[in-house]
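The values are calculated or read from the model by the stated rules, or taken from the named source; none is laboratory data. Everything numeric here is computed off the predicted structure, so don't read it as measured data. FYI the Cβ positions are ideal-geometry reconstructions off the backbone, even for glycines, and counts take in every protein chain you see. Each accessible area value is taken on the protein alone, full model and side chains, heavy atoms only, with ligands, DNA and RNA left out. Shrake-Rupley method; radii C 1.70, N 1.55, O 1.52, S 1.80 Å.
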Amino acid sequence: MANISISEEDENIILQVRSLGFRTPDAAKYRVLRLALAKSLRIETPPESGLDTIEKKGRDYDLEVVTGFGKSENEKGFHDFDDAVRALLSVYHQEDLFASDQEYKKLLQRHIRRGLREIRTSWNAGHNFINWLREELFQGLTSDNAQLAVATETDLLLDALAEISVHAAIRDIKQGIRLDRYALYLANINHLDNLKKGLSKLSFRLGLPENAITLSGNKEAGVVNLDIPRSPEHWKTVAPARLNEWADLPHPEKLPVWLGQTVLGENFNMDLAEAPHVLLAGATGSGKTVCLHSLICSLLKTQSQEKLQFALIDPKGTELNAYAKLPNLFGGFVAKSTLEAANMLDELVETMEARNRLFVEMGVRDIDEASKKSALPRIVVVVEELADLLMQSRELETPLVRLAQKARSTGIHLVLATQRPDAATFSGLLRSNIPVRIALRVQKHTESSIILDQKGAEALLGKGDMLIKLTDQLEPIRVHGAKIGDSEIALAIQKFGR
Ligand SMILES: Nc1ncnc2c1ncn2[C@@H]1O[C@H](COP(=O)(O)OP(=O)(O)OP(=O)(O)O)[C@@H](O)[C@H]1O
Ligand SMILES: [Mg+2]
């Protein structure tokens, strides 16, 4: 059968997509031709007949290559779906293209040439081609077609994996909130090392920042999860309204805290009373304050004034102002100056000791037993910037360490946030008594190690993307936070005040 002809300019587009889009210079060109066809078919009006004229002829492509015409079933990558394409075009043009090879070829050529031009005008060579595909070809389509998109992407991924000597079968793909999770089955166990070592090359090949692609555990034998982030314009948002929905559920925990959703969209919550203390660290702008709001608002929405008090220390003086209106703040105000902070920490230590004496008198062991006899509120102590505080006065570490060591049974819990997770800020004694760690994005893997005892936080995506290490878990859990803002805070305060 006759061939599909394209112009020299068309051929250049194919070469460009192959080298800058696929980033595999030897990938088969038919892939680009098929994408061009798909792109053209998304346009409702038929391609112009003017496309039949080719001024500077490029080259011809056999139908065998374009649609797999005449290929046997078993040839890898070369299934014959010529009939399917012919049927598609027949429906599109409302004419029976099985009746005329010539007409079929002519229309197919027009579509491919139009599609190539569309690619040239809408895709910029500097941009990520996979994202372009998602946006241009597959958005708003039914799931069947979305699967087609995935098929193209998986081809690219498998090629890239082959380049780092990893032969994998994709068992499953899940679209998460900010990333896509590929479950890869590795038949050869040695390929796991290749994969671990080759992650930054893989990121490079797929046009992502160096640390962007990460591995996570999968329960199935021989399977590992490859997490590939999407670009921010394709993130789903974790709506702050999720916090409200979650707060309305029943909560068996003593101090339930909602921090966002896991990679695949499950609510993530923990019990601060069980923690019993938390360190929250990350670079500037990584989302610490927003995360603190989520934590505080969870408690405001699920607890009452009789059961809970907040002790707030904000050396920056700007971040926790909204809570100054709370009816039962410990000490009556948000501590800002070093002196106020020092006094508040001393008072907290005194409260802890007074409670311990009271427990002895009452003959009870801890706040849970004491609460059965008399009402004692738990106290959540939030320090908005630990490094600033300790820089102003190193001595403040002493009361903090004492609280971290002994306050648990008296119902006093620390939440310490810091921008600089260095050894000086988060020293030995404080460190060993604060088991729950939340790492937002940091600059260097050494900072991640200080927070989590392992690397990983340097690969986070920022804006509330975090790794949470709970006391009883070895592997941190990745959670995406919600952007809790002024209006949610105001509502939570109102609810608590009632
Ligand atoms: N969960 C989130 N979802 C979307 N955007 C977020 C989220 N968390 C934070 N952001 C964005 O990042 C910005 C910075 O967040 P935030 O103020 O919490 O950072 P920070 O770590 O406290 O920074 P700093 O150390 O400078 O105080 C926010 O204003 C918001 O635009
Ligand atoms: Mg902040």
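Could you count how many residues in the stretch 268-288 are open to solvent by 10 Å² or more (accessible area, probe 1.4 Å) and within 11 Å of ligand 2 (Cβ to nearest atom)?
Residues that pass the stated criteria total 5.
Can you go through Ser427, Ser374 and tell me which one is touching a residue at least 12 places away in the same chain (Cβ under 8 Å), touching an Asp or Glu at 6+ places or on another chain (Cβ under 9 Å), farther than 30 Å from Gly217 by Cβ and surrounded by fewer than 17 Cβ atoms within 10 Å (Cβ to Cβ)? Before you say what the answer is, go through the steps one by one.
Details: Ser374 fails: touching an Asp or Glu at 6+ places or on another chain (Cβ under 9 Å).
When all the criteria are applied, what remains is Ser427.
For Val85, work out the one condition from (1) more than 22 Å from Leu133 (Cβ to Cβ); (2) open to solvent by less than 50 Å² (accessible area, probe 1.4 Å) it doesn't fulfil.
All conditions pass for Val85, except number (1).
Take the residues of the stretch 94-134 that are free of Cβ contacts under 8 Å to residues at least 60 places away in the same chain and assigned to a helix (DSSP H, G or I): which is least open to solvent (accessible area, probe 1.4 Å)?
Among those residues, the one meeting the criterion is Tyr104.
When you scan the stretch 489-497, do you find a residue that is in a loop (DSSP other than H, G, I, E, B), in the same structural domain as Gln261 (by TED's automatic domain parsing) and in contact (Cβ under 8 Å) with a residue 60 or more places away in the chain, even just one? Let's see the steps before the verdict.
Start the filter on the stretch 489-497 by keeping residues that are in a loop (DSSP other than H, G, I, E, B), which leaves none.
Scanning the stretch 489-497, I find no residue that is in a loop (DSSP other than H, G, I, E, B), in the same structural domain as Gln261 (by TED's automatic domain parsing) and in contact (Cβ under 8 Å) with a residue 60 or more places away in the chain, so the answer is no.
With respect to Leu156, is the statement that it is in a helix (DSSP H, G or I) and at pLDDT 90 or above true?
Details: in a helix (DSSP H, G or I): yes; at pLDDT 90 or above: no.
In short, no.
Looking at Thr410, Thr418, Thr471, can you tell me which residue is β-branched (Val, Ile, Thr) and farther than 29 Å from Thr237 by Cα?
Thr410
The conditions are (1) at pLDDT 90 or above; (2) open to solvent by 40 Å² or more (accessible area, probe 1.4 Å), and Tyr61 fails exactly one of them. Which is it?
Going through the list (1) at pLDDT 90 or above; (2) open to solvent by 40 Å² or more (accessible area, probe 1.4 Å), Tyr61 breaks only (2).
Would you tally the residues in the stretch 255-265 being at pLDDT 95 or above and either out of contact with any strand residue (DSSP E or B) (no Cβ under 7 Å at 6 or more places or on another chain) or assigned to a loop (DSSP other than H, G, I, E, B) (or both)?
Total satisfying the criteria: 1.
What do you reckon, is Arg23 touching a helix residue (DSSP H, G or I) at 6+ places or on another chain (Cβ under 7 Å), basic (Lys, Arg) and at positive phi?
yes
Counting just the residues of the stretch 36-46 that are open to solvent by 10 Å² or more (accessible area, probe 1.4 Å) and in contact (Cβ under 8 Å) with a residue 24 or more places away in the chain, which one comes out nearest to His93 (Cα to Cα)?
Residue satisfying both the conditions and the ranking: Pro46.
Just to verify a result, which residue in the stretch 459-471, among those that are of a type outside the set (A, V, I, L, M) and open to solvent by less than 40 Å² (accessible area, probe 1.4 Å), is nearest to Leu272 (Cα to Cα)?
The qualifying residue nearest to Leu272 (Cα to Cα) is Lys469.
Might you let me know whether the stretch 323-331 holds any residue that is out of contact with any helix residue (DSSP H, G or I) (no Cβ under 8 Å at 6 or more places or on another chain), open to solvent by 50 Å² or more (accessible area, probe 1.4 Å) and under 29 Å from Ala423 (Cβ atoms)?
Start the filter on the stretch 323-331 by keeping residues that are out of contact with any helix residue (DSSP H, G or I) (no Cβ under 8 Å at 6 or more places or on another chain), which leaves 324, 328.
With open to solvent by 50 Å² or more (accessible area, probe 1.4 Å) added as a condition, the list becomes 324.
Checking which are under 29 Å from Ala423 (Cβ atoms) leaves us with none.
No, every residue in the stretch 323-331 fails to be out of contact with any helix residue (DSSP H, G or I) (no Cβ under 8 Å at 6 or more places or on another chain), open to solvent by 50 Å² or more (accessible area, probe 1.4 Å) and under 29 Å from Ala423 (Cβ atoms).
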